[in-house]
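In what follows, a single structure is set out as structure tokens and then discussed.
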Amino acid sequence: MKILVTGAAGFVASHLIEYLNKFKSNYEIIGIDNFSYGYRERLVGLNLDFLEADIKNIDQLEINNIDAVIHTAAIAPLPENEVNPVLSYEQNLLNTVKMADFISKVGCKKFIFLSTGALYENDLNFPSKERDHIYTSLVYPTTKMCAEHALRAYSETYGISSYALRLFNMYGPRQDFFRKQPPLIGYLLKCLFNNEIPQLYSDGEQSRDYVYINDLAEIVIELLSNKYNKKTLTALNIGSGVSTSVNEIINYLGLIHGIKIDVQRNPSDLFWQKYPQLFTRKNPLNKNIIKKEVNKYSLADISKVTELTGIKCDTEMYQGLKKCYDYAKEYFEKCN
Ligand SMILES: NC(=O)c1ccc[n+]([C@@H]2O[C@H](COP(=O)([O-])OP(=O)(O)OC[C@H]3O[C@@H](n4cnc5c(N)ncnc54)[C@H](O)[C@@H]3O)[C@@H](O)[C@H]2O)c1
């Protein structure tokens with residue numbers, strides 16, 4: 001089986017490729033990345049044919065006989081989508097349409113699209129259940145919602161089996177430590193190993209649904225099998241069905257490291273202050289939206305994916321965090 005993975009040097013895709021190498025050694029993988037957010041070091045040791053390219057030019061690349069696409073390339077950080085919404089729609093929506101068009105031209109029948117649980121940002125009833133029409137506010141989830149709609153239409157018209165995986169908060173080794181606004185666990189580990197006091201923007205009691213990266217990889221491998229062949233788009237929540245607070249995560253990391261982690265708390269509406277252009281424009285970003293996003297609760301209804309695949313994302317948070325910690329320790333020891 002030949003699989004094209006976009007965003008190969010990203011956090012999620014590099015794990016998916018590693019997992020595919022390990023458990024499906026007969027799978028041939030082609031990876032594409034333009035390193036806009038990815039890191040070359042994530043590709044070390046992976047077995048793949050790698051193309052450094054922008055997927056906006058997918059039509060110009062010599063790629064044939066693909067059996068499946070795993071499309072992960074996107075602009076993922078929320079504030080960066082707000083700062084440049086036009087680019088965000090180009091990258092997250094238009095490039096997804098380009099990928100769908102490309103695969104129908106090369107005769108590929110399976111498309112796994114990494115969507116997001118951020119679609120449920122305005123939900124008030126939990127756990128959040130898959131449905132087609134969802135009310136979004138921020139640019140990032142809106143681009144993903146639009147991409148899902150486009151992909152559904154395309155899949156039904158051209159007979160493609162598409163799966164939109166609505167990922168809740170993924171975590172695992174190799175998560176980004178350094179981007180302007182890293183994901184929480186990457187950020188806490190970076191602070192821990194560099195003796196910095198983490199700057200947090202809430203009381204830490206808000207909780208989210210976290211999923212260990214290998215649990216996602218198991219589901220992706222399963223969905224690549226021929227038995228998942230419905231010629232439409234199937235949206236699946238990828239969550240653990242458990243919500244964990246920021247304070248619980250800090251406590252777990254403190255236990256693993258053997259210290260109490262001190263943090264500095266700041267007002268929630270300052271969370272995106274590293275992006276001043278959002279506030280200096282004539283119509284500035286509504287700060288209440290940032291407060292709401294920071295303090296958002298999330299919990300996935302996971303019955304659909306569990307019934308479909310028989311797989312449950314059930315890695316215990318402490319165990320998953322220990323793996324992240326061990327990776328970060330080795331990483332920062334090498335740097336220092
Ligand atoms: N990590 C999470 O918790 C999470 C949660 C929900 C959804 N997602 C989705 O999963 C996907 C992967 O997330 P991630 O955390 O690995 O993000 P990431 O930023 O680590 O990976 C994305 C990769 O895509 C590459 N890329 C971006 N635009 C490209 C382009 N035009 N051409 C080629 N390569 C390009 C980047 O360089 C990067 O390596 C994204 O689509 C994201 O929206 C992630």
Once both label points are put 7 Å beyond Cα along the C-beta direction, the ASN229-GLU196 separation in nm becomes 5.1 nm
Filtering chymotrypsin sites (Phe, Trp or Tyr not before Pro) in the stretch 146-232 by DSSP loop and by at most 15 other Cβ atoms within 10 Å leaves PHE178, TYR228
FRET efficiency for TYR297 and LYS329 from the Cβ-Cβ distance with R0 = 25 Å, rounded to 0.05, comes out at 0.20
With LEU192 itself left out, Lys, Arg at +1 and Asp, Glu at -1 over residues whose Cβ is under 14 Å from its Cβ give -1
If unit charges are put on Cβ atoms (+1 for Lys and Arg, -1 for Asp and Glu) and the dipole of the chain is taken about its Cα centre, the option from VAL44, ASN125, ILE197 lying farthest towards the positive end turns out to be ASN125
Of SER298, SER104, SER88, the most mobile residue in a GNM of the chain (C-alpha springs, cutoff 10 Å) is SER104
Dividing the helical contributions, -39500 (n - 2.57) per DSSP H run of n ≥ 4, by the residues of the chain yields a 222 nm value, nearest 500 deg cm²/dmol, of -11000 deg cm²/dmol
The answer for the per residue Cα convex hull volume of the stretch 172-223, in Å³, is 104 Å³
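Would you mind checking LYS129/LYS323; LYS180/LYS274; LYS190/LYS322; LYS22/LYS105; LYS24/LYS227; LYS56/LYS227 for any pair whose Cα atoms are more than 19 angstrom apart?
Beyond 19 Å: LYS129/LYS323; LYS22/LYS105; LYS56/LYS227.
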The stretch 268-314, convex hull of Cα, quarter of hull surface, nm² -> 5.3 nm²
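State whether the stretch 23-182 is rounded, prolate or oblate according to the following rule on the C-alpha gyration tensor (a ≥ b ≥ c being the square roots of its eigenvalues): a/c under 1.5 gives rounded; otherwise a/b larger than b/c gives prolate, and the remaining case gives oblate.
Here the stretch 23-182 falls in the oblate category.
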With 0.36 nm assigned to each residue of separation and the Cα-Cα distance removed, VAL86 to SER137 gains 16.8 nm
Using the Kirkwood formula on alpha carbons, the hydrodynamic radius of the chain in angstrom works out to 20.5 Å
Simple spin-label estimate for GLU41/LYS22, 7 Å along Cα→Cβ, in nm, reads 2.0 nm
A chain fully extended from LEU94 to ASN247 at 0.36 nm per residue, minus the present Cα-Cα distance, gains in nm 51.3 nm
Here, the stretch 1-111 modelled as identical Cα point scatterers in vacuum has Debye log10 I(q)/I(0) at q = 0.17 Å⁻¹ of -0.78
Among GLN206, GLN264, GLN91, the residue with the largest mean-square fluctuation in a Gaussian network model of the chain built from Cα contacts under 10 Å is GLN264
Toy charge model, Lys and Arg Cβ at +1, Asp and Glu Cβ at -1: the stretch 48-104 dipole around Cα centroid in debye, rounded to 20, equals 140 debye
Magnitude of the Cβ-charge dipole (Lys and Arg +1, Asp and Glu -1) of the chain about the Cα centre, nearest 20 debye, reported as 320 debye
Semi-axes of the stretch 109-204 from the Cα gyration tensor (sqrt of 5 times each eigenvalue, largest first, whole Å) come to 33, 17, 11
Here the residues of the stretch 182-211 lying in the modelled label zone of ILE256, meaning backbone nitrogen under 12 Å from a point 7 Å along Cα-to-Cβ, are 185-190, 192-193
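Only sites in a loop by DSSP and with at most 16 other Cβ atoms within 10 Å count here; which GluC sites (Glu not before Pro) in the stretch 179-235 make the cut?
Those that pass, being in a loop and sparsely packed, are GLU196, GLU205.
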Taking N as the number of residues in the stretch 284-336, the ratio of its alpha carbon radius of gyration to 2.2 N^0.38 Å works out to 1.82
Answer in debye to the nearest 20: the dipole magnitude of the stretch 280-336 about its Cα centre, from +1 Lys/Arg and -1 Asp/Glu charges placed on Cβ, is 600 debye
Plugging the Cβ-Cβ distance of LEU308 and ASN288 into 1/(1 + (r/R0)^6) at R0 = 25 Å yields, to the nearest 0.05, a FRET efficiency of 0.10
For the chain, averaging the sequence separation of alpha carbon pairs under 8 Å that lie six or more residues apart and dividing by its residue count, the contact order in percent is 18 percent
FRET efficiency (LYS322, LYS129; Cβ distance; R0 41 Å; to 0.05) is 0.85
Expected max-MSF residue from LEU278, LEU165, LEU119 in the GNM of the chain (alpha carbon, under 10 Å) is LEU278
Note to self: Kirkwood Rh of the stretch 210-336, Cα pairs, one decimal, Å, is 18.2 Å
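We did not get these values from a lab; they are worked out from the coordinates using the rules stated. Predicted model only: the values in this text are computed from it and were never measured. Here Cβ is always computed from backbone atoms with ideal geometry, including for glycine, and neighbour counts include all displayed protein chains.
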